[in-house]
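Encoded as structure tokens, the structure appears first; notes follow it.
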Amino acid sequence: MPYPDFFDQVPRITLRDPLAELLGSATGGLLSYGYADAVRLAGHSCPTVAQAYWLGVRAVKALYGDGMPVRGNIQVSLRDPLEAGTTGVTASVLGLLTGAASDGGFAGLGGQFVRRGLLQFDADIETELRFSRTDTGQAVLAQGRAHSVPGDPQTMRLMQLCLSGQATDEQRALFGQLWQARVRSILLDHAWDDAVFSVRPA
């Protein structure tokens, strides 16, 4: 799919998925994900998708350090209930990266590779997200503040014109460009800005 060039500038993450390895789905079970994969899953690129993707990448790397992350061995807890705001979008992206699933997820094979129940909502945690390794219990807390990264002042006016059907083709194109410029800034200019992406030991 054609997409903005900056998608490929966002760092990817590679994990080993033992289930994928067992079933012959990927050599060595190695799966690699990039921001474009999160966009394909969600169907769009926005601050919420960007924040979920990059918080997930940073949290997983914080849990495993220089080691290879294991997809399916990470529990993800979200503070908000599933029905709240953009929680479902965030959960979908994090499920893609970590393999964690809620009650409808994979039940496992012979008691192994269970993904069901690894994605939990309405959790009693102090930050937006908590990532925990199921093998060691090590955990990190993560909080995103993508809303603090401003967009172009024209963006909201153009959005209103687009949604009301009053925008010209040029205005629609400009709106899309400005929208993605903000996403780019979140993912590239603020990737390591702790005021926007906070990940710390639990």
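The values are calculated or read from the model by the stated rules, or taken from the named source; none is laboratory data. Note that the coordinates shown come from a computational prediction; the quantities given were computed from them, not determined experimentally. Cβ: placed from backbone, ideal geometry, glycine included. Neighbour counts: every protein chain shown. Areas reflect the complete protein model, heavy atoms only, side chains present, ligands, DNA and RNA absent. Shrake-Rupley method; radii C 1.70, N 1.55, O 1.52, S 1.80 Å.
Testing ARG172 on (1) out of contact with any Cys (no Cβ under 7 Å at 6 or more places or on another chain); (2) surrounded by fewer than 17 Cβ atoms within 10 Å (Cβ to Cβ), one condition comes back false. Which one is that? The one condition ARG172 does not meet is (1). Looking across the range 130-147, the residues that are on the phi < 0 side of the Ramachandran plot and loosely packed, with under 12 Cβ neighbours inside 10 Å come down to ASP135, THR136, HIS147.
Taking the criterion of being in a loop (DSSP other than H, G, I, E, B) and either touching a helix residue (DSSP H, G or I) at 6+ places or on another chain (Cβ under 7 Å) or in contact (Cβ under 8 Å) with a residue 40 or more places away in the chain (or both), the residues of the range 66-87 that qualify are MET68, PRO69, ARG71, GLY72, ASN73, ARG79, ASP80, PRO81, LEU82, THR86. Do we find that GLY111 is open to solvent by 30 Å² or more (accessible area, probe 1.4 Å), small (Gly, Ala, Ser) and touching a Lys or Arg at 6+ places or on another chain (Cβ under 9 Å) in this structure? Judged against the criteria, GLY111 is not a match. Of GLY144, GLY137, GLY176, GLY165, all but one fail to be within 16 Å of the chain's Cα centre (by Cα) and not basic (Lys, Arg); the exception is GLY144. Would you confirm whether or not the range 188-197 contains a residue that is over 27 Å from GLN9 (Cβ atoms) and open to solvent by less than 70 Å² (accessible area, probe 1.4 Å)? No, the range 188-197 contains no residue that is over 27 Å from GLN9 (Cβ atoms) and open to solvent by less than 70 Å² (accessible area, probe 1.4 Å). Would you confirm, using the coordinates I've provided, whether GLN75 is within 30 Å of GLU126 (Cβ to Cβ), at pLDDT 95 or above and either touching a His at 6+ places or on another chain (Cβ under 8 Å) or open to solvent by 10 Å² or more (accessible area, probe 1.4 Å) (or both)? Yes: the conditions hold for GLN75. Residues of the range 10-24 that are open to solvent by 30 Å² or more (accessible area, probe 1.4 Å) and of a type in the set (A, V, I, L, M, F, W, C): LEU22, LEU23. So, ALA62, is that one under 16 Å from ALA191 (Cβ atoms), out of contact with any Gly (no Cβ under 7 Å at 6 or more places or on another chain), open to solvent by 20 Å² or more (accessible area, probe 1.4 Å) and not in a loop (DSSP other than H, G, I, E, B) or not? For ALA62, the condition - under 16 Å from ALA191 (Cβ atoms), out of contact with any Gly (no Cβ under 7 Å at 6 or more places or on another chain), open to solvent by 20 Å² or more (accessible area, probe 1.4 Å) and not in a loop (DSSP other than H, G, I, E, B) - is met. Does the range 25-33 contain at least one residue that is outside any loop (DSSP other than H, G, I, E, B), open to solvent by less than 60 Å² (accessible area, probe 1.4 Å) and of a type in the set (Ser, Thr, Tyr)? For the range 25-33, residues outside any loop (DSSP other than H, G, I, E, B), open to solvent by less than 60 Å² (accessible area, probe 1.4 Å) and of a type in the set (Ser, Thr, Tyr): present.
Within the set LEU97, LEU63, the sole residue that is touching a residue at least 60 places away in the same chain (Cβ under 8 Å) and under 15 Å from GLY144 (Cβ atoms) turns out to be LEU97.
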